[in-house]
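Everything on this sheet refers to the single structure shown next.
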Amino acid sequence: MLECGIAPTFMLDMIGYGVDKIQACLVSHTHTDHACYLKRYTVYGFPIYMSEEASEKAKDLGVKQIKRKKKYQAGGFTFASFGVPHDGTECDGFLIEHAAFGKLLFLTDLEYCPINLSKIGVNHLMVECNYDRQWLVDAPNIDHICKGHMEVETALRLAHTLGDSLEDIGLIHLSAMNGDGNEFKGRFQNEFPNCNIWIAQKGTIYAETEKESIQKNTDN
Ligand SMILES: [Zn+2]
């Protein structure tokens, strides 16, 4: 599970009230849209993992603190976090691995990816594609947007560094005001014709798609 900015009641309903189905919940940082239900999730028994740096304000809430760039295991998953630039707020990206689907890189709320992951062999990318700088002319908080969030061109360049192992790209954390998600998707589709490109929209049940894919791969 990634982040806990969605009400637990919704999530519990999604997983049939089986908290033990969740091996780990990885949280990038404490901004409300990613962590406002953090305390309630820990009360319900969800295993929340955050880096020591990002969880500084949440360490009394039952969060499992992890060291950046160190590998951890939960169930069949291996994961590691690393710090990303988010306009002065401690925030993490995650590299997650599972035998059923390979390697997933999860990056949100960052200006750019500060480490070179070109040799890792990432199969799945979930990346913030927040805005198009041409849309920012009259935007309030323009400085925060540019220092704290990823522009579509930055996301495209990052994806190109990841090489031929990339199978699908999910565009997440899109601004409703500062870009056009469908246009972003088209640009990615043009530059990555062999990848499945999807955009995160409210209510998208990506987990179901992923579960089918995991099931299919496991059968093979
Ligand atoms: Zn944030």
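Things worth noting here:
- Test: ASP13 is away from the ligand (no atom under 14 Å from the Cβ), outside any loop (DSSP other than H, G, I, E, B), among the acidic types (Asp, Glu) and more than 26 Å from THR78 (Cβ to Cβ): yes
- Look at the range 17-36: where a residue is more than 24 Å from GLN73 (Cβ to Cβ) and a partner is in a helix (DSSP H, G or I) and more than 9 Å from the ligand (Cβ to nearest atom), sitting 6+ places away or on another chain with Cβ atoms under 9 Å, you get THR30/LEU38.
- Filter result (of a type in the set (A, V, I, L, M, F, W, C) and either within 15 Å of the ligand (Cβ to nearest atom) or assigned to a loop (DSSP other than H, G, I, E, B) (or both)) within the range 42-54: PHE46, MET50, ALA54
- Evaluating GLN65 against the criteria (1) in a strand (DSSP E or B); (2) within 16 Å of the ligand (Cβ to nearest atom) leaves one unmet condition, (2).
- Matching residues, the range 108-132, being in contact with a His (Cβ under 9 Å, 6 or more places away or on another chain) and of a type in the set (A, V, I, L, M): LEU110, VAL127
Okay, residues lined up against (1) surrounded by 17 or more Cβ atoms within 10 Å (Cβ to Cβ); (2) in contact with a strand residue (DSSP E or B) (Cβ under 6 Å, 6 or more places away or on another chain); (3) farther than 22 Å from LYS70 by Cα:
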{"residue": "ILE96", "(1), (2), (3)": "yes, yes, no"}
{"residue": "THR108", "(1), (2), (3)": "yes, yes, no"}
{"residue": "ARG133", "(1), (2), (3)": "no, yes, yes"}
{"residue": "ASP138", "(1), (2), (3)": "no, no, yes"}
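- Residues of the range 39-55 that turn out to be surrounded by 14 or more Cβ atoms within 10 Å (Cβ to Cβ) and over 22 Å from VAL127 (Cα atoms), as a count: 8
- Residue list for the range 21-38, restricted to those being surrounded by fewer than 20 Cβ atoms within 10 Å (Cβ to Cβ), β-branched (Val, Ile, Thr) and within 16 Å of ALA54 (Cα to Cα): THR32
- Exclusive hit being away from the ligand (no atom under 16 Å from the Cβ) and part of a loop (DSSP other than H, G, I, E, B), set LYS39, LYS70, LYS57: LYS70
- Here MET11 passes the criteria (1) surrounded by 15 or more Cβ atoms within 10 Å (Cβ to Cβ); (2) in contact (Cβ under 8 Å) with a residue 40 or more places away in the chain; (3) over 25 Å from CYS146 (Cα atoms) except the one numbered (2).
- Residues that are within 16 Å of the ligand (Cβ to nearest atom) and either in contact with a His (Cβ under 9 Å, 6 or more places away or on another chain) or among the hydrophobic types (A, V, I, L, M, F, W, C) (or both) within the range 83-107 comprise VAL84, HIS86, ASP87, THR89, GLU90, CYS91, ASP92, PHE94, PHE106, LEU107, listed in sequence order.
- Against the criterion of being part of a strand (DSSP E or B), at pLDDT 95 or above, more than 16 Å from the ligand (Cβ to nearest atom) and on the phi < 0 side of the Ramachandran plot, LEU158 does not qualify.
- Candidate set from the range 20-36 (those that are part of a loop (DSSP other than H, G, I, E, B), closer than 18 Å to ASP109 by Cα and more than 9 Å from the ligand (Cβ to nearest atom)); member that is nearest to the chain's Cα centre (by Cα): VAL27
- For the range 41-64, the set of residues classified as among the polar types (S, T, N, Q) and within 18 Å of the chain's Cα centre (by Cα) consists of SER51, SER55, listed by residue number.
- When the range 117-154 is filtered for residues that are hydrophobic (A, V, I, L, M, F, W, C), within 16 Å of the chain's Cα centre (by Cα) and within 16 Å of the ligand (Cβ to nearest atom), the ones remaining, listed by number, are MET126, VAL127, CYS129, MET150.
The values are calculated or read from the model by the stated rules, or taken from the named source; none is laboratory data. Quick caveat, the model's predicted, so the values are computed rather than measured. Don't worry about glycine lacking a Cβ; one is built from the backbone with ideal geometry, like all the others, and counts go over all protein chains shown.
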